[in-house]
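The values are calculated or read from the model by the stated rules, or taken from the named source; none is laboratory data. Values in this document were obtained by computation on a predicted structure and should not be read as measured data. In this analysis, Cβ positions are derived from the backbone assuming ideal geometry, glycine residues included, and neighbour counts consider all displayed protein chains. We work out accessible area using only protein heavy atoms, side chains counted, and drop any ligands, DNA or RNA first. Shrake-Rupley method; radii C 1.70, N 1.55, O 1.52, S 1.80 Å.
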Amino acid sequence: MVRIDRIVMQGFKSFANRTVLPFPEGFNAICGPNGSGKSNIIDAVVFVLGIRSAKTIRAGQLADLVFKGGGKREGLAYALVSLYIDNTDGSIPGEPAEIKVTRKVNANGVSLYKINDQTVNRRRVVDVLSNARIYADGHNIILQGDITNLIEMNPIGRREIIDEVSGIAEFEDKKAKAEQELARVDEKLREARVILNERKATLDKLKREEELAREYKTLENEHRKLRASMVKRRLDFFGDRLTGVNERIAKEQTNVTAAEDEIRKIDEELDALQREERAATALAFRTASRDVLERMHELRLTIEKKLSRIEYAKREIERLDDVIGTLSSTDNAVARAVLATKHKGVYGTIGSLMRTDAAYRTAIETAAGASVNDIVVDTDATAQECIELLKRERLGRATFLPLNKLNVRERSREAKELIGKDGVIDFAIKLVQYDIKYETAFRHVFGETVVVDTLDTARRYIGSSRLVTLDGELVQKSGAMTGGFFKRRGDDSGRYAKVKDELQREAETLEAELLPLQKELKELREREERDSLKLTEFEKKVGATVSRIDVLRADRNASFEKRMRVENEIGRQRVEKAKIETEIDNLNVERDAFKEFFERNEFYTEGTVETLEANKKRVLERLNKIGLVNMRAIEDYEGLKMLYDDLNKKVMTIEDEKRAVLEMASALENKRVQAFMETFDAINGNFSRIFSDLNGGEANLALEVATDIRSGLLIKARPEGKKELHLDAMSGGEKTMTALAFLFAVQMYKPAPFYVLDEIDAALDKKNTKKVAELIKKYSSKAQFILITHNDLTIRMADRVYGISMEEGVSKAVAIELPAN
């Protein structure tokens, strides 16, 4: 068993010299006159074990523990105490069989700790010694006044001794921390619930808006899908019609080729017959005037050819007029329908109200874009009337520019700074001629568009303005570029008009050439009449040939008519094709507005167009009924819902945390009660037994409130032959004996390897002193006792006695061997 083997003191209080006191097993007593310094030995033990408070060992401060001098002795610079502990049985693991614990304090009050001559900190000393339940403030050390303190203690203070011994202070600390944590968690929970309730109210309100927004979004998507499905069906319908028209045009083109082949064959036969006629004429009239006859024949052939060509040109001109008229009405059918109303507030299209030089035509048309067909009107009321007309007559769509409402922005500084730079021609609007009354409309269409010479120039000035090149490339201010092959508006009509003009000029030229030829032929005919007798034989010979020529000419005319009919049919089919392509172009513009459905090929395939129209009407009615909605509610609701859910999770986490803290606090309280009661019961048992050994009779411990371990501790005793009394009601000696029994009971609960007692028998009579000494003697077989005493009875029962004396302020020790009893 661990015990104190010896203590070495030097310069500690009155022990100026190096003093070694060995303490064997059993009962060790230290005696001496008052003031000799015997209690300083107990103080030295407490000091080396690591006590912090100097007052506990009867000193104002640690520096007061150093020997101050006395008599002829001067004071010392430090105090040193070494305690040698027998660890033979290895109760303190990891340490040698003998442990040397040293504490040194200098005159400045600075302490130094060592274990086995190795410098350590106090924590190390406390940790090593705690393995053997050795503590500087342990209940195995009873200093002067401890018994008196216990007697004078109130019940709460006495109960706290059991608290300390049972170790429930640890539970108290943990519980206090748990209660602090619980208060913190409660505060967090309260704040979180306030915020959660606020957000719940906002979330509930936003939920309805979110539901309406989602319904609106779903209906809007359904409406778009219905419109996309209708566009798809119309595209398919017109696509099929376009295929049919192309097939008919190809078929009629074959018929044109066949008619032209017939005409070519007839022309070849006519040429052959005409050659034959000329040869016959030469043979029949070789005696007549050859020059006259040949000239008349040539004139007749020439006149016939020119008349045939004139007739063909006139028929072709009539056909081209029809085609051009039809194409023109197709290109601007909507504008024509509006202009046909003769409304005084309708002025015309942008294209019809402007003129520009041919050099700028491509650039101006590109700059105007689709706005070239925008219709200029006087007021927005007129625009509304025209729009209602187009809707009512189902004629199509158009853009109107009401002069009373158009807002025109000023040109930017960057655009103005471009003018005059290399390659920059001018603002597009300055290259167009128009009536000044339409100024607002043209500024609206052309804005700050600048015309430049080439695309390279446009690239240099990207971002400064909207730019258009002479070749028709368009560069937006944003940097977007449009270009490629440019096809002018009305190219088909222009091509036909060009052919028509050529035919008109040709017909006029032929008619002018006919007059002198016809005059000459008339003169020759008069001359011919004089020679009519000569012509009779000629006419007989060439009559059959001329008849055949007339038949062929009739056939040729029929073939021309056939070709014209076919070409007219082709023209009508091309007009139809143009109308269909216009419809398809318009539908493709609508298609771009629903491209997501076309990319996914997502359409309504069941039901008729009427069914789709009915569904579209139903959806629109529901959308109108819903009215204005907060579309941001979806995003706001999702964001707030996410925050709400996160906060709710945090609240649940805090609630879980609170439950855990409450459970921990409850578990700690249960463990605290259990630890206290186990200790209480054990000490109560020890107290009853020790009191009986000391005094006879009975004694026990009780709580003021049996079920409350925080209530005070009552010490009750019934000495032999007396009634039961509380400690406070006992006599002085009874109080001391009862208090000693209680202290011994506490010490026995967790036995220490040694006990140090300072004058515990000072207030006892001989009878009680003997009883205490006998008790110590009895227990000294199991533990080491070191007792400071004045009592002879106690000294005689000790196994080893040390006498302490003082000379010139310095304490000295001497061992006394007592005879065996």
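Here are the numbers:
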| item | result |
| --- | --- |
| Unmet criterion (only one of (1) open to solvent by 10 Å² or more (accessible area, probe 1.4 Å); (2) more than 16 Å from Val105 (Cβ to Cβ)) for Tyr78 | (2) |
| Search result, residues across the stretch 730-748 that are surrounded by fewer than 19 Cβ atoms within 10 Å (Cβ to Cβ) and hydroxyl-bearing (Ser, Thr, Tyr) | Ser731 |
| Scope the stretch 408-434; condition touching a residue at least 24 places away in the same chain (Cβ under 8 Å) and open to solvent by 80 Å² or more (accessible area, probe 1.4 Å); matching residues | Arg409, Glu417, Lys421, Asp422 |
| Residue identified as part of a helix (DSSP H, G or I) and charged (D, E, K, R) among Glu602, Glu610 | Glu610 |
| Residue that is farthest from the chain's Cα centre (by Cα), among those in the stretch 130-184 that are crowded, with 16+ Cβ neighbours inside 10 Å and of a type in the set (Ser, Thr, Tyr) | Tyr135 |
| Single match in Leu694, Leu727, Leu713 (criterion: open to solvent by less than 20 Å² (accessible area, probe 1.4 Å) and closer than 26 Å to Lys175 by Cα) | Leu713 |
| Residue that is modelled with the lowest pLDDT [pool: residues in the stretch 27-53 that are in a loop (DSSP other than H, G, I, E, B), out of contact with any Lys or Arg (no Cβ under 7 Å at 6 or more places or on another chain) and of a type outside the set (D, E, K, R)] | Ser53 |
| Residues of the stretch 785-804 classified as of a type in the set (S, T, N, Q) and either surrounded by 24 or more Cβ atoms within 10 Å (Cβ to Cβ) or under 60 Å from the mean Cα position of the chain (by Cα) (or both), total | 2 |
| Residue match in the stretch 637-658 (condition: within 30 Å of Ser166 (Cβ to Cβ) and assigned to a helix (DSSP H, G or I)) | yes |
| All positions within the stretch 387-402 that are open to solvent by less than 40 Å² (accessible area, probe 1.4 Å) and modelled with pLDDT of 90 or more | Phe400, Leu401, Pro402 |
| Breaking point among (1) surrounded by 15 or more Cβ atoms within 10 Å (Cβ to Cβ); (2) farther than 24 Å from Arg459 by Cα; (3) touching a Phe, Trp or Tyr at 6+ places or on another chain (Cβ under 9 Å), for Val372 | (3) |
| Checklist (1) part of a helix (DSSP H, G or I); (2) modelled with pLDDT under 85 applied to Phe742, failing item | (2) |
| Residues located in the stretch 62-91, provided they are within 13 Å of Phe12 (Cα to Cα) and among the polar types (S, T, N, Q) | Ser82 |
| Positions within the stretch 206-246 being open to solvent by 70 Å² or more (accessible area, probe 1.4 Å) and among the hydroxyl-bearing types (Ser, Thr, Tyr), in sequence order | Thr218, Thr243 |
